[in-house]
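Colleague: One structure, pasted below without further comment.
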C-alpha cells in the first residue's frame with residue numbers, strides 16, 4: 001500500500017527566510033508526486049508536481065520541490081518566505097495500486113510565516 | 001472560468017435525515033472524486049469515478065453513496081447521516097484517469113450532523 005508522511009504538523013519561519021516543508025513517501029513502482037496548498041476556508045490548490053525528468057521541480061508562487069529517489073522524499077522549498085505563504089500544505093502521491101491510481105494525501109503541514 | 005462547484009457550502013442536519021451534496025465541474029473532466037478532511041487525518045478519499053456510470057470505493061466509503069449519470073456532476077449521498085460523518089468534504093476532478101494529472105478542488109462543504 002502506498003503512503004505519504006509529513007513529519008511536521010507545523011513549520012514556523014520568519015519572513016524573508018528560506019522554508020522547507022518535508023514529505024516522504026512509500027510506493028511500489030514509480031511515484032507521481034504533488035504538492036497542494038489550502039488557504040483558510042478554501043479548497044486545495046495545485047502547486048507543483050513531479051512526474052519524471054529533472055529532480056528539481058518549479059511551481060506556483062515561487063515554490064519548488066526536490067525529488068530524491070534514494071531518500072523517497074519530495075520536500076517543498078522556497079528561498080524567501082512571505083507572510084502570505086501561511087497556509088496548510090499537503091503532499092500527495094499517485095501510483096498504481098490494485099489497478100487504480102488512487103491518490104494518497106499526507107496529513108498536512110501548517111506553515112506559519114512570522115512578520 | 002474553469003471551476004468545481006459544491007453545494008451547499010455549509011449544512012447542519014440531524015442523525016438519519018438523508019442529504020445530498022452536489023458537485024459539478026465545467027472542465028469536461030473524466031475523473032472525479034470525493035474526500036473528507038478531518039483534523040490530524042488529512043484528506044481521505046471516499047469514492048471516485050473514472051467516467052460516466054463508473055464509480056469505485058476509496059479509502060472510507062462506508063455510509064456514503066455516489067452516482068455519475070452525467071460527466072459534469074458527481075453528487076455525494078448520505079442516506080442516514082451519523083455524527084461521525086461530521087467533516088469537511090471536498091469534491092475534485094482531473095482531466096483523465098492518468099495518474100500524473102493534478103486535481104482541481106471545489107471550495108468544500110462543511111457538514112455537521114447532530
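Colleague: Relative contact order for the stretch A:1-89: what is it in percent, counting Cα pairs under 8 Å that are at least 6 residues apart? Display every interim value, and only then the final one.
Modeller: Details: 161 pairs, mean separation 29.4, N = 89.
Computed value for the stretch A:1-89: 33 percent relative contact order.
Colleague: For q values of 0.13, 0.19, 0.23, 0.24 Å⁻¹, compute log₁₀ I(q)/I(0) with the Debye formula on a Cα-only model of chain A, without solvent.
Modeller: -0.46, -0.95, -1.34, -1.43
Colleague: Based only on Cα atoms, what Rg/Rh ratio does the protein assembly as shown have, Rh being taken as Kirkwood's radius?
Modeller: Values: Rg = 17.5 Å, Rh = 18.1 Å.
Checking Rg against Rh, the ratio lands at 0.97.
Colleague: For labels at residue A:110 and residue B:67 in the simple 7 Å Cα→Cβ model, what's the distance in nm?
Modeller: Inter-label distance under the simple model: 4.0 nm.
Colleague: Calculate, for residue B:51 and residue B:114, the FRET efficiency according to 1/(1 + (r/R0)^6) with r their C-beta to C-beta distance and R0 41 Å; round to the nearest 0.05.
Modeller: Values: r = 36 Å, r/R0 = 0.89.
Result of the calculation: an efficiency of 0.65.
Colleague: Then there is this: Relative contact order of chain B, please, whole-number percent, based on alpha carbon pairs below 8 angstrom and at least 6 residues apart.
Modeller: Working: 305 pairs, mean separation 40.7, N = 114.
With pairs under 8 Å counted, the relative contact order is 36 percent.
Colleague: What number, in nm² with one decimal, is the all-direction average of the projected area of the convex hull of the alpha-carbon atoms of chain B?
Modeller: Values: hull surface 26.7 nm².
Mean orientational projected area (chain B, Cα hull): 6.7 nm².
Colleague: Right, another one. What's the extension gain from residue B:9 to residue B:88 if we count 0.36 nm per residue and subtract their Cα-Cα distance?
Modeller: 27.5 nm
Colleague: Debye sum, Cα scatterers, the stretch B:48-114, no solvent: what log₁₀ I/I(0) at q = 0.12, 0.19, 0.23, 0.26 1/Å?
Modeller: Results for the stretch B:48-114 at q = 0.12, 0.19, 0.23, 0.26 Å⁻¹ read -0.35, -0.85, -1.17, -1.36.
Colleague: Further question: Just the ratio, please: alpha-carbon radius of gyration of the stretch A:67-108 over 2.2 N^0.38 Å, N its number of residues. Could you put the intermediate results ahead of the total?
Modeller: On the way: Rg = 13.8 Å, N = 42, 2.2 N^0.38 = 9.1 Å.
My calculation over the Cα atoms of the stretch A:67-108 gives 1.52.
Each reported figure results from applying straightforward, stated rules to the coordinates on display, with no laboratory input. It should be emphasised that the depicted structure is a prediction, and the values quoted were computed from it without experimental measurement. Because the Cβ atoms are built from the backbone with ideal geometry, glycine has one as well, and the counts that use them run over all protein chains shown.
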